[in-house]
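A short write-up of the structure that comes next.
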Amino acid sequence: MISIYSISALIAAYLFGSIPTAVWIGQAFYGIDVREYGSGNAGATNTFRVLGKKSGMAVMILDILKGYTATNLAYLIGLSVTGPHNSIQFANYQLALGITAVMGHLFPIFAGFRGGKGIATLFGMILAVHFPAAMLCVLVFILVFLTSKYVSLSSILAGFTFPLSIIFVFQSPIRSVVLYGMCICVLILVTHQKNIERLIKGKESKVDLFKKKVG
């Protein structure tokens, strides 16, 4: 059922996702646009490279909150529209809102539609949709990052962990969540195409979280 509440929630989700935290933090505290340095993306990984760990952590946390908050706007729409909170219909509303927020991060209206790769915002969405699977993704990300120091590789493998865990570990009965998990894999492959090429060639840059600042 389409209502003024669900339409308003979708608009709000996009606006949440469009908040360019990396761009605004870079401009407010350093007077630079992070998209002009490093990989050219307005995301947490590039912020770590360009501005250092404090700014990178701030951007990562805020981007996760964007996805988490936008996805949970489903709770404000009303049970008459979304159905019970444990229903398939409610899960579908959460997915729609979360995906809209991720699109906002990729194409932010507040930053000339030049955003990041959406991994942190995507993770915030996963946290809201399926918390146990999200924690498993975190574990994979940490293990891969500690052994490789490649954020891109860690993000890719963590992203692929979600659908695999949904299907084989948690065996979710909601088909839309399973389909969404598969779509995550496609999105990650598309947005990380250049990273994958650099990883294959051995030219992908590593991220040192203990380094104060990368010029």
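Just so it is clear, none of the values below were taken in a lab; they were calculated from the coordinates. Bear in mind the structure is a predicted one, so any value in this text is a computation, not a measurement. Every residue, glycine as well, gets a Cβ built from its backbone with ideal geometry; the counts of neighbours run over all protein chains shown.
Rounded to the nearest 500, what is the chain's calculated 222 nm mean residue ellipticity when only DSSP H runs of at least 4 contribute -39500 (n - 2.57) each, over all residues?
Numbers: 12 runs with 147 residues, N = 215.
Result for the chain, helices only: -21500 deg cm²/dmol.
Give the calculated FRET efficiency between residue 167 and residue 200 to the nearest 0.05, with a Förster radius of 25 Å applied to their Cβ-Cβ distance.
Working: r = 27 Å, r/R0 = 1.09.
Calculated value: 0.40.
Quickly work out the residue 175-to-residue 149 label distance, labels modelled 7 Å from Cα along the C-beta direction, and quote it in nm with one decimal.
4.7
If you take Rg/Rh (Cα atoms, Kirkwood Rh) from the coordinates, which of (1) 0.94; (2) 0.98; (3) 1.08 do you get?
Computed from the coordinates, Rg/Rh (Cα atoms, Kirkwood Rh) corresponds to (2).
Using the crude model of +1 on Lys and Arg Cβ and -1 on Asp and Glu Cβ, and no other charge, please compute the dipole size for the chain relative to its Cα centre, in debye to 20.
680
With charges set only on the Cβ (+1 for Lys and Arg, -1 for Asp and Glu), what does the dipole of the range 90-215 come to about its Cα centre, in debye to the nearest 20?
540
Provide the net charge surrounding residue 146, with neighbours chosen by a C-beta distance below 14 Å and charges set as Lys +1, Arg +1, Asp -1, Glu -1. Show your work: numbers first, answer last.
Numbers: positive: 149, 206; negative: 208.
Around residue 146, the charge tally is +1.
Ranking 48, 145 by Cβ neighbours within 10 Å, fewest first, what do you get? Mind showing how you got there, number by number?
On the way: 48 25, 145 19.
Final ranking by Cβ density, sparse to dense: 145, 48.
Which of 159, 83, 181 ends up with the largest GNM mean-square fluctuation for the chain, with Cα atoms connected below 10 Å?
Of 159, 83, 181, the most mobile in the Gaussian network model is 83.
To two decimal places, what compactness ratio does the range 41-81 give when its Cα radius of gyration is scaled by 2.2 N^0.38 Å?
Working: Rg = 14.6 Å, N = 41, 2.2 N^0.38 = 9.0 Å.
Against the empirical 2.2 N^0.38 Å value, I get 1.62 for the range 41-81.
Let me confirm the definition first: pairs of Lys residues in the range 4-201, 8 or more apart or on different chains, C-alpha distance under 19 Å. How many are there?
Counting lysine pairs in the range 4-201 gives 9.
Charges at C-beta only: +1 for Lys and Arg, -1 for Asp and Glu. How large is the resulting dipole of the range 133-206 about its Cα centre, in Debye rounded to 20?
On the way: 7 positive and 2 negative charges, 50 e Å.
The calculated dipole for the range 133-206 is roughly 240 debye.
Of 98, 17, 119, which is farthest along the charge dipole of the range 1-121 in the positive direction, counting Lys and Arg as +1 and Asp and Glu as -1 at C-beta?
119
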